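Chemist: Please see the structure below; I have some questions.
The values are calculated or read from the model by the stated rules, or taken from the named source; none is laboratory data. Everything numeric here is computed off the predicted structure, so don't read it as measured data. Note that we place each Cβ from the backbone using ideal geometry, even for glycine, and neighbour counts take in every protein chain shown. Note: accessible area is taken over every heavy atom of the protein model, side chains too, but ligands, DNA and RNA are not part of it. Shrake-Rupley method; radii C 1.70, N 1.55, O 1.52, S 1.80 Å.
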Amino acid sequence: MLGNPILSDPFDIIIVGAGIVGAACARECARGGLRVLVLDRGPVSGGTTGAGMGHIVVMDDSEAQFALTRYSRELWLELRPQLPDDVEYEICGTLWVAADEEEMAEVRRKQAFYTDRGVKVEVLDDVGVTKAEPNLRKGMAGGLRVVDDGVLYPPCATRYLLAEAQKHGAELRTNTSVRGLLAEGGALLEDGTRIPAGRAINAAGPWSPALTPGLPVRKRKGHLVITDRAPGFARHQIIELGYLKSAHSMGKDSVAFNIQPRQTGQMLIGSSRQFVAEGTEVDQAILDRMLRRAIEYMPALGNLAATRVWAGHRPATPDKLPIIGPSTDNDRIWLATGHEGLGITTALGTGRLIADLLLGRTPGISAAPYLPSRFTEGAAHHE
């Protein structure tokens, strides 16, 4: 708990990272009365956030993942009426599509899991899937619709969250590189300037291990393609159930079909995963695999033109859960990283947990599964 502001320091909290997670932390901390400074080496959303698809989804790889994604989706739905139009938050639902009876068994498992925990879902048979998404290939076995999932435009959502933080007194400094986090609190800039603070929060995503050596976060590269305008081509965010097998692979390169309709009428296509890929240049071979996979599911995608192709990195952890809370080595240094492909979804939940822990409030969900201490030797592993 932070306790009373440390009046000898100009800031209570320095957040390194002006992506959506850092922005959400800044908003919650500033609303809680803390004096906040956000630093980023580039522009707002210049890293992982700018390479994110923008889904707001409930996921069920583990109870902990489900808890944080559901909690965060609830926070996004509460915030939605206040969001400006450019955030483009649409409740389109997620449609998990099953190619065969084996994947339909997973549909039924997911239906039971979500329904038992109060999340609205609908099972579709082969006819229902075709009616819901006519451009899917014929012969799909069925699918699961997660009704209240949605999509938004991450850069504008991030700008909104930072603007809200600034309304509550937060400061933002972009194009400001941080060399390290100070053991006594605060940040050391590349130019040698020391900025003291009560606490520093490492929200630098894939680059967070540079500021916190030994942090179990790996860069995972992903590609995105956006098409020209084709309104109604896809009505839901559509994800193949094979995506889950791809997501569970921590070593080899993989692709899976994932498409989102954007408010502009464009289609945003993913997804790919590469772990040994430092640069953000487009890898034509993996891109070709990704697009072939997409066309397998929606053959008419081959008739659309791509208007932009790009790649970026996401921060992955060994247990596929983010790292949220105080460092085990120094409680002046806090962490909000490791969200991999769910940073957009879980940003609001992360920001709320960080502020609750700092201010001594009772969190809306247990913070235990996400604490950095789970990676220390002998710590319990939370499923």
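Chemist: Checking the conditions here, which among Ala183, Ala187, Ala203 is out of contact with any Lys or Arg (no Cβ under 8 Å at 6 or more places or on another chain) and of a type in the set (A, V, I, L, M, F, W, C)? Before you say what the answer is, go through the steps one by one.
Modeler: Details: Ala183 fails: out of contact with any Lys or Arg (no Cβ under 8 Å at 6 or more places or on another chain); Ala187 fails: out of contact with any Lys or Arg (no Cβ under 8 Å at 6 or more places or on another chain).
Within the list Ala183, Ala187, Ala203, the selection yields Ala203.
Chemist: Shifting gears a bit: Looking at Asp86, Asp40 in this structure, which one is open to solvent by 40 Å² or more (accessible area, probe 1.4 Å) and either within 19 Å of Arg262 (Cα to Cα) or in contact (Cβ under 8 Å) with a residue 60 or more places away in the chain (or both)?
Modeler: Every option except Asp86 fails the conditions.
Chemist: A further question on this structure: For a quick check of your reading of the model, give me the residue pairs whose first member lies in region 286-300 and is under 16 Å from Leu224 (Cβ atoms) and open to solvent by 50 Å² or more (accessible area, probe 1.4 Å), whose second is part of a helix (DSSP H, G or I) and modelled with pLDDT under 95, with beta-carbon atoms closer than 9 Å and at least 6 apart or on different chains.
Modeler: Arg293/Gly242
Chemist: Something else about it: For region 13-59, enumerate the residues that are within 17 Å of Arg199 (Cα to Cα), of a type in the set (Gly, Ala, Ser) and not in a loop (DSSP other than H, G, I, E, B). Working first, answer last.
Modeler: Filtering region 13-59 down to residues within 17 Å of Arg199 (Cα to Cα) leaves 13-18, 21-40.
Filter again for of a type in the set (Gly, Ala, Ser), leaving 17-18, 22-24, 26, 30, 32-33.
Passing the criteria: Gly22, Ala23, Ala24, Ala26, Ala30.
Chemist: Pick from Ala300, Ala336: which is at pLDDT 95 or above, assigned to a helix (DSSP H, G or I) and either over 30 Å from Arg35 (Cβ atoms) or not polar (S, T, N, Q) (or both)?
Modeler: Working: Ala336 fails: assigned to a helix (DSSP H, G or I).
Answer to the selection: Ala300.
Chemist: Quickly run through region 305-331 and pick out the residues that are assigned to a loop (DSSP other than H, G, I, E, B), surrounded by 18 or more Cβ atoms within 10 Å (Cβ to Cβ) and not β-branched (Val, Ile, Thr).
Modeler: Step one: filter region 305-331 for residues assigned to a loop (DSSP other than H, G, I, E, B), giving 305, 317-322, 327-331.
Right, trim to surrounded by 18 or more Cβ atoms within 10 Å (Cβ to Cβ) and you get 317, 319-322, 327.
Passing the criteria: Asp319, Lys320, Leu321, Pro322, Ser327.
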